[in-house]
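These notes are about the structure you will find just below.
The values are calculated or read from the model by the stated rules, or taken from the named source; none is laboratory data. Computed from a predicted model, the values in this text were never measured in an experiment. All Cβ positions, glycine included, derive from the backbone under ideal geometry; neighbour counts span all protein chains shown.
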Amino acid sequence: MAKELWKGNEAVAEAAIRAGCRCYFGYPITPQSEIPEYMALHMADTGGVFLQSESEIAAINMVYGASGAGARVMTSSSSPGISLKQEGISYMCGAELPAVIVNVMRGGPGLGTIQPAQGDYFQATRGGGNGDYRLIVLAPATIQEVVDLMQEAFDLADQYRIPVMMLLDGMIGQMMEPVEWTHTPASDLPGKTWATTGTEGKRPPNIINSLFIDPDACNRHNQHLEEKYKKIIENEIKYSINDLVDAEILFVAYGTPSRLARAAARLLGEEGIKAGVFRPISVWPYPYDALREAASQDSVQAVVTVEMSTGQMVDDVRIGVNGVKPVSFIGQAGGVIPSPREVADAAKKALGR
Amino acid sequence: MAGNVTFRQDRCKGCGLCVHVCPVKIIFLDETVTNRKGYHPATIVEMDRCIACANCARMCPDSIITVERL
Amino acid sequence: MAIVYEKSKALTDAEMHYCPGCTHGIIHKLVAETLVDLDVLGKSIGVAPVGCAVFAYDYFNCDMHEAAHGRAPAVATGIKHVLPDRTVFTYQGDGDLAAIGTAEIVHAAMRGEKITTIFVNNAVYGMTGGQMAPTTLVGQKTTTAPFGRSFEHYGAPIRMAELLATIDGAAYIERVTVTTPAHIAKAKRAIKKAFQIQDEGLGFTMVEVLSTCPTNWGMTPVEALSWLNETMIPAFPLSVFRDITKKEK
């Protein structure tokens, strides 16, 4: 199939529609507003629902309702808006409802900037709202990968009854790249017998709920969720590794910085230093074991984490590497993107050169 | 017109709203009985005076009252 | 022998947790009876609030969705857009609807969401133990307004029925109470009409029900009925504030 030039945000929306999303609720915020705009224009063709809500809080609670009613549903926002959605995300995790939430990250804290950043990593991977919970968080690095992962994001959400976050940054949302649309067959998923669609007098009422007032019941529910998270850790870790053979430097980066790391690796190669790139695609569950294995390779002398933040994923890198090799960090925040030269120099410093 | 009123006394909270709205004033809280919730439940002795208006049942917040017309 | 009154089939057999004499239970009955009368129980989805009615999902014998505090109209919006042929209602208290969820209810009304909201106004926060509500009367003592609600500090109580009646998307807005059998009959007619208008697809419908809170008002259940009639109704007049079916005629 021929390649087409697509803007990231529009590709997100089109991929969601192709993945069977028939329901979108959201509130405009830069740098992701092309997603609701595209949905507003194209969702009607599918007979689906597009609704611009009064706030991000309302949007995620509309998602909560629509998901409870059995719809394949998504919302999108950017950092400050995702903060507002945390209430609904926590409730959806508690009530075990599927949905896809796209975060096209911008700089923070607070209003921050509208430029690309990765300062929401902790919020995304640690459960940004109240309570013991996790989301599946996927972090594509190209627009093609955004498109390829979208069907899987919706399917994983349904399979595990869990919200899935697509963690992008403003760079991926705003740039254009060639995309090849391939048909990913939907997974064979169980029916949503739990949905609140009306009993029709044929079954006992279904109740969507995250309240377990009795502490033992609430503990049991948390343990049940924990079992589910363990299954996700066992089965759904995704990552990629490039140029690991004889690498002295192992860059670790997700999303846009993984592309900077590969550019830096080429610069280092010109200077006779071999560098590989380890790229987590699922940042929760995090590929700790695969990272440790890569870092343990004899040739690797230093692990260098590259982020568009002041250092958040580096905590997971340290957990994964677990002391087998030194871990250092290079990053810029607030919408500033580190240059490949800066990243290459940080790697050389880590090697003591 | 005579009526028959039954109370699920084990579920009565003794709020007295049925007592308050009974037009023939035959409902009272039976202080000789304490239910499992710790309340004196509503009851009627003079059932022959009931007019089956169902005010008591409509007013009961806990839906413990059934009214029949004889 | 004919049954004159029995518990509605649209209520489960669960024992309600409400305090003795709290009129929430009466309002639950009216909603339940309406769902049966209109034969919509099997296609109904209710949205429960946070507040005293948080366990409403255990009491209604239809599919139920427990919302976050104040978000019931947004949750109901999501459900109704996915399932436009179903009957969708929210059951919310004054903290839920008139404080933390003000934006959600106003915008659901603005969009003319075809849902029915049962708004239970008892002028106090019940579940959390008697704190001031946006509908607390000026001078009324609560645990967070121990000297009485001060107009200078907090303004006067918000009248949601009147406020929402100014919105074009609202099809039916009425305020009722349940302090006497006559009021209960009238409240039931209002609730029935609201659900009928929803099913006719005419727009947003809300019935505000003035309700008692004997525990937090510090009164017996019967004293609370009197206080509501004498003190609350003058501040929250009972009336139909909007009915687009009348205009059309």
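Structure summary
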{"item": "Scope region C:109-140; condition more than 14 Å from C:Leu210 (Cα to Cα) and touching a Lys or Arg at 6+ places or on another chain (Cβ under 8 Å); matching residues", "result": "C:Glu113, C:Lys114, C:Ile115, C:Met132, C:Val138, C:Gly139, C:Gln140"}
{"item": "Pick from region A:172-221, criterion of a type in the set (Ser, Thr, Tyr) and more than 18 Å from A:Ala19 (Cβ to Cβ), ranking: surrounded by the fewest Cβ atoms within 10 Å (Cβ to Cβ)", "result": "A:Thr193"}
{"item": "All positions within region C:84-101 that are closer than 16 Å to C:Pro157 by Cβ and among the acidic types (Asp, Glu)", "result": "C:Asp94, C:Asp96"}
{"item": "Subset tally (residues that are more than 10 Å from chain C (Cβ to nearest Cβ), of a type in the set (Gly, Ala, Ser) and touching a Lys or Arg at 6+ places or on another chain (Cβ under 8 Å)) for region A:55-94", "result": "3"}
{"item": "Residue in region C:233-246 that is crowded, with 22+ Cβ neighbours inside 10 Å, farther than 18 Å from C:Gly93 by Cα and modelled with pLDDT of 95 or more present", "result": "yes"}
{"item": "Leading residue by the ranking (nearest to the other protein chains (Cβ to nearest Cβ)) among those in region C:93-106 that are of a type in the set (A, V, I, L, M, F, W, C) and farther than 17 Å from A:Tyr64 by Cβ", "result": "C:Val106"}
{"item": "Tally of residues being under 14 Å from the mean Cα position of the chain (by Cα) and assigned to a helix (DSSP H, G or I) across region A:249-264", "result": "1"}
{"item": "Candidates C:Ala67, C:Ala2, C:Ala74 - the one that is surrounded by fewer than 20 Cβ atoms within 10 Å (Cβ to Cβ) and either modelled with pLDDT under 95 or at the interface with another protein chain (Cβ under 7 Å from one of its Cβ atoms) (or both)", "result": "C:Ala2"}
{"item": "From the options A:Gly320, A:Gly335, residue that is in the same structural domain as A:Trp284 (by TED's automatic domain parsing), touching a residue at least 12 places away in the same chain (Cβ under 8 Å) and in a loop (DSSP other than H, G, I, E, B)", "result": "A:Gly335"}
{"item": "Test result for B:Pro61, at the interface with chain C (Cβ under 8 Å from one of its Cβ atoms), closer than 26 Å to C:Thr34 by Cα and part of a loop (DSSP other than H, G, I, E, B)", "result": "yes"}
{"item": "Top-ranked residue of region A:265-301 - restricted to ones that are crowded, with 22+ Cβ neighbours inside 10 Å and of a type in the set (Gly, Ala, Ser), ranked as nearest to the chain's Cα centre (by Cα)", "result": "A:Ser282"}
{"item": "Hits in region A:48-80 (condition: surrounded by fewer than 24 Cβ atoms within 10 Å (Cβ to Cβ) and part of a helix (DSSP H, G or I))", "result": "A:Pro80"}
{"item": "Single match in C:Thr90, C:Thr117 (criterion: more than 7 Å from every other protein chain (Cβ to nearest Cβ), farther than 20 Å from C:Cys19 by Cβ, free of Cβ contacts under 8 Å to residues at least 60 places away in the same chain and buried (at least 24 other Cβ atoms within 10 Å of the Cβ))", "result": "C:Thr90"}
{"item": "Subset of region A:127-146 [more than 19 Å from A:Ala157 (Cβ to Cβ) and either touching a Ser or Thr at 6+ places or on another chain (Cβ under 9 Å) or modelled with pLDDT under 95 (or both)]", "result": "A:Asn130, A:Ala141"}
{"item": "Candidates C:Lys80, C:Lys29, filtered to the one that is buried (at least 23 other Cβ atoms within 10 Å of the Cβ) and within 12 Å of chain A (Cβ to nearest Cβ)", "result": "C:Lys80"}
